[in-house]
Amino acid sequence: METLNSLYPAIKHIHLTFIAISVLFFLVRFVLHMRQSPIMDKKIVKIAPHVIDTFLLLSGLTLCVIIMQYPFADTWLTEKLAAVVAYIILGAIALKANRGKLFKVFAALGALSWVVYAAKLAVFKQAIIIG
């Protein structure tokens, strides 16, 4: 039987795939939202982000176990988790806030910026937080 370490490349690939799907689906939903498309009312559009993000979270947790590094124990991972939370909050604001279109565009750009920062943390494992 394969050890968990030997599954690392496959789980990392799955995790990266779910990141790409999550961000792409966010962008599609944002464009549909800005165009006030009735597609946004479809059940699949409302449920899919939760399913995608659940698998994204599970694959991320599995990677933490494999590399034996955990949020609140390893600063880069704590900061990455905070970046993901910021992405979720700004993404929700971009899609749900009762504000003008320009505000929503800036919220969406902010959300995407946090994803880029989380990617930088994942690649370099170097946090800004000293500790």
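Can you give me the number of residues within segment 26-44 that are of a type outside the set (A, V, I, L, M) and open to solvent by 50 Å² or more (accessible area, probe 1.4 Å)? Looking only at that region, the number is 6.
A quick yes/no check of all residues on (1) closer than 18 Å to Lys120 by Cα; (2) touching a Lys or Arg at 6+ places or on another chain (Cβ under 9 Å); (3) in a helix (DSSP H, G or I):
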{"residue": "Ala10", "(1), (2), (3)": "no, no, yes"}
{"residue": "Ala20", "(1), (2), (3)": "yes, no, yes"}
{"residue": "Leu63", "(1), (2), (3)": "yes, yes, yes"}
{"residue": "Val85", "(1), (2), (3)": "yes, no, yes"}
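One residue alone among Val115, Val105 is surrounded by fewer than 17 Cβ atoms within 10 Å (Cβ to Cβ) and either more than 17 Å from Gln36 (Cβ to Cβ) or not charged (D, E, K, R) (or both), and that residue is Val105. For Ile19, the conditions (1) touching a residue at least 60 places away in the same chain (Cβ under 8 Å); (2) under 11 Å from the mean Cα position of the chain (by Cα); (3) within 27 Å of Gly100 (Cβ to Cβ) all hold with the exception of (3).
Residues in segment 65-83 that are open to solvent by 70 Å² or more (accessible area, probe 1.4 Å) and in a helix (DSSP H, G or I): Val65 only. From the list Ala119, Ala86, Ala127, Ala111, the lone residue that is modelled with pLDDT under 95, within 21 Å of His15 (Cα to Cα) and either touching a Pro at 6+ places or on another chain (Cβ under 9 Å) or among the small types (Gly, Ala, Ser) (or both) is Ala127.
The values are calculated or read from the model by the stated rules, or taken from the named source; none is laboratory data. What you see is a predicted model, and the numbers here were worked out from it, not measured in a lab. Neighbour counts are summed over all protein chains in view; Cβ atoms, including those assigned to glycine, are modelled from backbone coordinates with ideal geometry. SASA here: full protein model, heavy atoms, side chains in, ligands and nucleic acids out. Shrake-Rupley method; radii C 1.70, N 1.55, O 1.52, S 1.80 Å.
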